[in-house]
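Here's the structure we're looking at; comments come further down.
The values are calculated or read from the model by the stated rules, or taken from the named source; none is laboratory data. All values reported here derive from a predicted model rather than from experimental measurement. For neighbour counting, all protein chains shown are included, and Cβ atoms are generated from backbone atoms with ideal geometry for every residue, glycine included. For accessibility, only protein heavy atoms count, side chains too; no ligands or nucleic acids. Shrake-Rupley method; radii C 1.70, N 1.55, O 1.52, S 1.80 Å.
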Amino acid sequence: MVKQFPGNRARASNELEDYAEGKIKTISSRVYTVEDGMKTGECFGQWQPAGWKAHDGSLWFATRKGAVQIDPKSFQRNELPPPVLIESVVIDQETVAGNQHITLSPGKDKIEFHYTALSFVVPERVLFRYKLEGYDHDWVDAGTRRIAYYTNLSPGEYRFRVRACNNDGLWNQTGASVAFELKPYFYQSLWFYGLVLVAIGGAGFGIYRLRVWQLLTREKELKLSVDDALARIKVLNGLIPICASCKKIRDDKGYWNQLENYIHEHSEATFSHGVCPECAEKLYGKYYTKLKRQREAEGAKPVPPDLSKE
């Protein structure tokens, strides 16, 4: 049933037209119950018409306890927004006044806000909305409930705000509010977080330095091992078994190897092969003697020409 107030009939008529044309999905309406003077809130809807409009503009409805007459012209809109009051704040079952700034010690995790609104015209229809700034993103419709509960809030500063509307839907936009601050534990403070970051950074740097020290120590140990191995090789060279006749060397496995092969395998030395004068005379005989005399006649050094190779 649409409630028409003086000066408000045009709006109601426009809403009906907009609803019929599909422009809006709902119509502003008002439900009347025993709080408004009716003997019962149950009307008959089993037969039609369930209501009747008389020539004088009054409306008639059939209820279980008789007919009810409503004169829309006699309705007066409640233009007075209800004043809102925060009666008290309950913190872990301890009540404090709601008209002052509140400072909470760390660990307080159960907070209740008790609020009310003053209206002498159908106070049962006063509705509320509340919002905890710093926690809620939007207003919470509380209906007729007059308590708000919050638990496990993070440390920080908050402001609880509450609004109310009267029986005709007129809201007190100012409402009431109370600010409070929840102190953090020392491990929830910014300086503690900074200290933890510094400690983590220091630990990381210490681990890095320890790893570098371990690697340098390992490098020194390897260097000592290599130097010791080289020293042992030098000592071993002084005890190499060599054949007195063919000059072959016996390795650790008992095999005899050519001198140059053994030295090449156990060191970085390389060999270039040539022929000494004694061996050249022994190997080439007259040819070498003739060549030697020829070079002596020419004044050259008596070395066999082109008899050496890499």
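Can you tell me which residues in region 42-63 are touching a residue at least 12 places away in the same chain (Cβ under 8 Å) and either in contact with a Pro (Cβ under 8 Å, 6 or more places away or on another chain) or under 30 Å from Ser119 (Cα atoms) (or both)?
Passing the criteria: Glu42, Cys43, Gly57, Ser58, Leu59, Phe61, Thr63.
Determine which member of the set Val34, Val90, Val84 is out of contact with any Ser or Thr (no Cβ under 8 Å at 6 or more places or on another chain) and either under 30 Å from Gly156 (Cα atoms) or open to solvent by 40 Å² or more (accessible area, probe 1.4 Å) (or both).
Working: Val34 fails: out of contact with any Ser or Thr (no Cβ under 8 Å at 6 or more places or on another chain); Val84 fails: out of contact with any Ser or Thr (no Cβ under 8 Å at 6 or more places or on another chain).
Of the residues listed, the single one that is out of contact with any Ser or Thr (no Cβ under 8 Å at 6 or more places or on another chain) and either under 30 Å from Gly156 (Cα atoms) or open to solvent by 40 Å² or more (accessible area, probe 1.4 Å) (or both) is Val90.
Run down Tyr158, Tyr193 and say which single residue is of a type in the set (Phe, Trp, Tyr) and out of contact with any Leu (no Cβ under 8 Å at 6 or more places or on another chain).
Numbers: Tyr158 fails: out of contact with any Leu (no Cβ under 8 Å at 6 or more places or on another chain).
Exactly one of Tyr158, Tyr193 is of a type in the set (Phe, Trp, Tyr) and out of contact with any Leu (no Cβ under 8 Å at 6 or more places or on another chain), namely Tyr193.
List every residue pair whose Cβ atoms lie under 8 Å apart, where the two residues are 6 or more positions apart in sequence or sit on different chains, the first residue falls within region 250-263 and is farther than 12 Å from Ile240 by Cα, and the second residue, located anywhere, is aliphatic (A, V, I, L, M).
Hits for this filter: Gln258/Ile249.
What residue, of Arg159, Arg146, is within 36 Å of the chain's Cα centre (by Cα) and surrounded by fewer than 18 Cβ atoms within 10 Å (Cβ to Cβ)?
Working: Arg146 fails: within 36 Å of the chain's Cα centre (by Cα).
Going through Arg159, Arg146 in turn, the sole match is Arg159.
Select from region 102-124 the residues that are under 14 Å from Phe180 (Cβ atoms) and of a type in the set (Ser, Thr, Tyr) and write down the one among them that is most open to solvent (accessible area, probe 1.4 Å).
Thr103
Being in contact with an Asp or Glu (Cβ under 7 Å, 6 or more places away or on another chain), at pLDDT 70 or above and among the polar types (S, T, N, Q): is that true of Ser58 here?
Numbers: in contact with an Asp or Glu (Cβ under 7 Å, 6 or more places away or on another chain): yes; at pLDDT 70 or above: yes; among the polar types (S, T, N, Q): yes.
Yes, satisfied.
Pick from Lys290, Lys301, Lys223: which is open to solvent by 80 Å² or more (accessible area, probe 1.4 Å) and at pLDDT below 75?
On the way: Lys290 fails: at pLDDT below 75; Lys223 fails: at pLDDT below 75.
Answer to the check: Lys301.
Could you tell me which of the residues Gly107, Gly175 is over 26 Å from Val34 (Cα atoms), touching a residue at least 12 places away in the same chain (Cβ under 8 Å) and over 30 Å from the mean Cα position of the chain (by Cα)?
Residue meeting the stated conditions: Gly175.
Can you find a residue in region 185-206 that is within 30 Å of Arg77 (Cβ to Cβ) and either of a type outside the set (A, V, I, L, M, F, W, C) or open to solvent by 70 Å² or more (accessible area, probe 1.4 Å) (or both)? Steps first, answer last, please.
The initial filter retains those residues of region 185-206 that are within 30 Å of Arg77 (Cβ to Cβ), namely none.
No: region 185-206 contains no residue that is within 30 Å of Arg77 (Cβ to Cβ) and either of a type outside the set (A, V, I, L, M, F, W, C) or open to solvent by 70 Å² or more (accessible area, probe 1.4 Å) (or both).
Using the structure shown, decide if His114 is within 30 Å of Glu35 (Cα to Cα) and modelled with pLDDT of 90 or more. Break it down stepwise before answering.
Values: within 30 Å of Glu35 (Cα to Cα): yes; modelled with pLDDT of 90 or more: yes.
When the stated conditions are applied, His114 passes them.
Within region 76-92, take every residue that is part of a loop (DSSP other than H, G, I, E, B) and modelled with pLDDT of 85 or more and give me the one that is farthest from Leu170 (Cα to Cα). Working first, answer last.
First, the residues of region 76-92 that are part of a loop (DSSP other than H, G, I, E, B): 76-83, 92.
Restricting the remaining residues to those that are modelled with pLDDT of 85 or more gives 80-83, 92.
Working: Leu80: 8, Pro81: 6, Pro82: 8, Pro83: 11, Asp92: 34 Å.
Only one residue fits best here, namely Asp92.
With more than 30 Å from the chain's Cα centre (by Cα) and over 30 Å from Val34 (Cβ atoms) as the only criterion, which of Val90, Val84 stands out?
Values: Val84 fails: over 30 Å from Val34 (Cβ atoms).
Exactly one of Val90, Val84 is more than 30 Å from the chain's Cα centre (by Cα) and over 30 Å from Val34 (Cβ atoms), namely Val90.
Output the residues belonging to region 125-140 that are within 23 Å of Pro155 (Cβ to Cβ), surrounded by 14 or more Cβ atoms within 10 Å (Cβ to Cβ) and of a type in the set (Phe, Trp, Tyr).
Result: Tyr130, single match.
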